[in-house]
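The values are calculated or read from the model by the stated rules, or taken from the named source; none is laboratory data. Quick caveat: nothing in here was measured; it's all calculated off a predicted structure. Cβ placement follows ideal geometry from the backbone for every residue including glycine, while neighbour counts extend to all protein chains displayed.
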Amino acid sequence: MALMPRLDLRQGQALVMTPQLQQAIKLLQMSSLELSAYVESELEQNPLLERDEASEDGAADEAPAGDAAAEPPAVDAPSPDDRRDVEAGADAADAAETWHEEAGREGEGNLDYAGDPEAWRTRTSAVAADGLPGLDQTLTRPISLREHLLEQLAVEIHDPADRVIGSHLIDMVDEAGYIAGDFAAIAELLSCDTARVEKTVVLLQRFDPPGVFARNLAECLALQLKERDRFDPAMRTLIENLPLLAKRDAQQLMRVCRVDAADLAQMVAEIKALNPKPGLAFDKAAPEVVVPDVLLRVLPNGSWAVELNSDSLPRVLVNNRYYAEVSDAAKNKREKEYLSERYQSANWLVKALHQRATTILKVSREIVRQQDGFLRHGVQHLKPLVLRDIATAIEMHESTVSRVTTNKYMLTPRGIYELKYFFTSAIAAASGEAHSAEAVRFRIRSLIEAESSEILSDDRIVEILMKEGIDIARRTVAKYREAMNIPSSVRRRREKALQF
């Protein structure tokens, strides 16, 4: 068969992802923080975009310079009859001046900013005219573990060589307060004996918090027990047998420690009161605040009001007046094409933000409608729900619903929930409607927390759930229990026997 070129005409359909469509899809799946960062970037790049600050202006406009309302009210001189009252308040004025003087002397030398608002305004910059740091540079912050240890090193250890060794050891402490590394390497680096490094470690182990500079968990607990003067032979044996304690092997522990059940329970209670990671009391990470995208509240008639959180929605506008001015001043084709492209991009961004808000609101309203039982009565009434159910109800594609519910949060009367939380798999019921997997997990936890004298095994939990109409296998109960970090019935029985 001979090979030769030829022309063929074919007809087909394909989805063309225009840049505008790609932008709309990308905005839809962004979280509020990612969207804010993206909009800030567009505001910097596009001169035709501007922030909509009309709602933020309000009545904050300053009064004009010549406005009589902006001037301080006049104060009449006291009459002779009122002089006695003025003199009676002189002591209060003197006390105020004394307080101002003391505050200035304790704060920043002889500067008295309390009576000079202009001085405070000049102190808001990073470095003021007087050379002192600005107010934003004087904010307090928690002391770090390293700083806390270095302060004690300067006070407790006087030998310069030991201080150098101690500073190197402090740099080796991890965030939990443990020290890991080769002491021989430090000895070689500092040209000293390994024994001296280990001796310095013993000195540093006396520092606060108790348990710091430990090399393992057993040593950390032992240091804290020594601090409390509770490291007796029985407790030493218990610390040396931590694997048996982890297994809750009470019989073996009583045998090796030579104590009875009551003493063992008391010793275990003391162990539980210790801190296995003492260094975590410092360098605490600031908690991340979740800003809800959707707000849900109950109306007086009992229905739900679903609205978007205006604080999480960036507001941008297209400056058409500026576009008209610069378009008339454009000198060549290149400038006109640039302005046209920026104008089109700005319009598409505004439309995409509006479409994103509309889609989130539409999906949220349908979620609220279908999960009304959960919102009114609790997690035990959470219905099984999948993306297809919402997509069918609002006539959208599943991928769109998936993007909308990713990293989006709803503030409800029961707390803040990610939109993905409302989508759970279904568990078959003996009769009637299926049950939500989240509701079944909640029921399993409730049964275990309500245990009294009888410890429920997984088989017993299956029997109880079957009587309630929930058809579930024992291995599923075990999987849910392990996912919730709930120990087995054998371990719970041991803990209850010894009151661990």
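So the values come out like this:
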{"quantity": "Filter result for Ala187 (modelled with pLDDT under 90, surrounded by 14 or more Cβ atoms within 10 Å (Cβ to Cβ) and either touching a Pro at 6+ places or on another chain (Cβ under 8 Å) or among the hydrophobic types (A, V, I, L, M, F, W, C) (or both))", "calculated": "yes"}
{"quantity": "Any hit, the stretch 235-242, residues being modelled with pLDDT of 90 or more, closer than 18 Å to Leu169 by Cα and of a type outside the set (Val, Ile, Thr)", "calculated": "no"}
{"quantity": "Members of the stretch 140-164 that are crowded, with 19+ Cβ neighbours inside 10 Å and either over 15 Å from Arg206 (Cβ atoms) or among the aromatic types (Phe, Trp, Tyr) (or both)", "calculated": "Leu145"}
{"quantity": "Some residue of the stretch 366-382 being closer than 23 Å to Ser31 by Cα and charged (D, E, K, R)", "calculated": "yes"}
{"quantity": "Every pair of residues 6+ apart whose Cβ atoms lie under 6 Å, when the first sits in the stretch 464-488 and is in the same structural domain as Arg443 (by TED's automatic domain parsing) while the second is surrounded by 16 or more Cβ atoms within 10 Å (Cβ to Cβ) and of a type in the set (D, E, K, R)", "calculated": "Arg474/Asp458; Val477/Asp458; Ala478/Asp458; Tyr480/Arg441"}
{"quantity": "Some residue of the stretch 147-160 being in a helix (DSSP H, G or I) and over 20 Å from Pro210 (Cβ atoms)", "calculated": "yes"}
{"quantity": "Pairs with Cβ under 7 Å, 6+ apart, first in the stretch 360-388 and assigned by TED's automatic domain parsing to the domain that holds Arg414 and on the phi < 0 side of the Ramachandran plot, second among the acidic types (Asp, Glu) and surrounded by 19 or more Cβ atoms within 10 Å (Cβ to Cβ)", "calculated": "Ile360/Asp293; Val379/Glu438; Leu382/Glu438"}
{"quantity": "Among residues of the stretch 296-318, those that are surrounded by 14 or more Cβ atoms within 10 Å (Cβ to Cβ) and in a strand (DSSP E or B), counted", "calculated": "7"}
{"quantity": "Residue match in the stretch 309-317 (condition: over 31 Å from the mean Cα position of the chain (by Cα) and touching a residue at least 40 places away in the same chain (Cβ under 8 Å))", "calculated": "yes"}
{"quantity": "Within the stretch 455-500, tally of residues that are under 35 Å from the mean Cα position of the chain (by Cα), under 25 Å from Leu244 (Cβ atoms) and assigned to a loop (DSSP other than H, G, I, E, B)", "calculated": "6"}
{"quantity": "Filter result (assigned to a helix (DSSP H, G or I) and either assigned by TED's automatic domain parsing to the domain that holds Arg493 or surrounded by fewer than 15 Cβ atoms within 10 Å (Cβ to Cβ) (or both)) within the stretch 242-255", "calculated": "Leu242, Pro243, Ala246, Gln251, Gln252, Arg255"}
{"quantity": "Some residue of the stretch 323-338 being of a type in the set (D, E, K, R) and in contact (Cβ under 8 Å) with a residue 24 or more places away in the chain", "calculated": "no"}
{"quantity": "Residue list for the stretch 229-238, filter: assigned to a helix (DSSP H, G or I), of a type outside the set (Lys, Arg) and without any contact (Cβ under 8 Å) to a residue 24 or more places away in the chain", "calculated": "Pro233, Thr237"}
{"quantity": "Number of the exception - Val289 against (1) outside any helix (DSSP H, G or I); (2) in the same structural domain as Leu223 (by TED's automatic domain parsing); (3) not aromatic (Phe, Trp, Tyr)", "calculated": "(2)"}
{"quantity": "Qualifying residue in the stretch 76-88 (condition: exposed (fewer than 10 other Cβ atoms within 10 Å of the Cβ), of a type outside the set (Asp, Glu), at pLDDT below 50 and not in a helix (DSSP H, G or I))", "calculated": "yes"}
{"quantity": "Residue satisfying condition, being under 30 Å from Glu147 (Cα atoms) and out of contact with any Ser or Thr (no Cβ under 7 Å at 6 or more places or on another chain), within set Leu238, Leu274, Leu244", "calculated": "Leu274"}
{"quantity": "Helices (runs of 4 or more DSSP H) contained in the stretch 334-433 and holding at least 1 residues buried (at least 18 other Cβ atoms within 10 Å of the Cβ) and among the charged types (D, E, K, R)", "calculated": "398-404"}
{"quantity": "Residues located in the stretch 1-27, provided they are modelled with pLDDT under 80 and among the β-branched types (Val, Ile, Thr)", "calculated": "Val16, Thr18"}
{"quantity": "Residue, surrounded by the most Cβ atoms within 10 Å (Cβ to Cβ), within the stretch 319-333, restricted to residues that are hydroxyl-bearing (Ser, Thr, Tyr) and more than 17 Å from Glu44 (Cβ to Cβ)", "calculated": "Tyr323"}
